[in-house]
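Derivation of every value follows stated rules applied to the coordinates shown; laboratory data play no part. Owing to the predicted nature of the structure, the values given are computational and were not obtained by experimental measurement. Because the Cβ atoms are built from the backbone with ideal geometry, glycine has one as well, and the counts that use them run over all protein chains shown.
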């Protein structure tokens, strides 16, 4: 691993789902996610998967009601949004929509210097796809 990576703080979100295997399929198709590690339950269902999108680490984890780690499906919405910075957020946006994401807000340039758009995955998680367009 690169020494610079070892010295920086990063976020590695856990997205809680009722069907992790379906989530893996979506994130691969939508954003080119690469699976790094998988832990399955004794019944063959997926417990947790570690993935990357362009080197950004995140996890898909089965919902755990006992620990209050609930999916947007169970909550009927979400209280957070995952920000994904990419050199070509328009391509990620189009790929996400083609894979089944819903558009919450289309891609556009904002006067604060970012190009952004928001999609909602089939499980209720929101992704803010973006890049800086100026140094404002």
Quiz item: Helix 89-98 versus the longest principal axis of the chain: what is the Cα-based angle in degrees, 0 to 90, to the nearest 10?
Solution: 40
Quiz item: Of the peptides 11-24, 37-50, how do they stack up when ordered by the mean number of other Cβ atoms within 10 Å, highest first?
Solution: 11-24, 37-50
Self-check item: Projected label distance in nm at residue 109 and residue 79, using a 7 Å step from Cα toward the beta-carbon
Solution: 3.7
Quiz prompt | Euclidean distance between Cα centres, the stretch 26-86 to the stretch 94-132, Å | solution = 18
Quiz item: Using Cα atoms only, what is the angle between the long axis of helix 20-31 and the major principal axis of the chain, expressed in degrees (0 to 90) to the nearest 10?
Solution: 20
Quiz item: The list (i) 1.04; (ii) 1.17; (iii) 1.09 gives values of Cα Rg over 2.2 N^0.38 Å, and only one came from this structure; which label was calculated from it?
Solution: (iii)
Practice problem: Starting from the Cα of residue 14, step 7 Å along the direction of its Cβ; do the same at residue 45; then give the gap between the two resulting points in nm. | Solution: 1.6
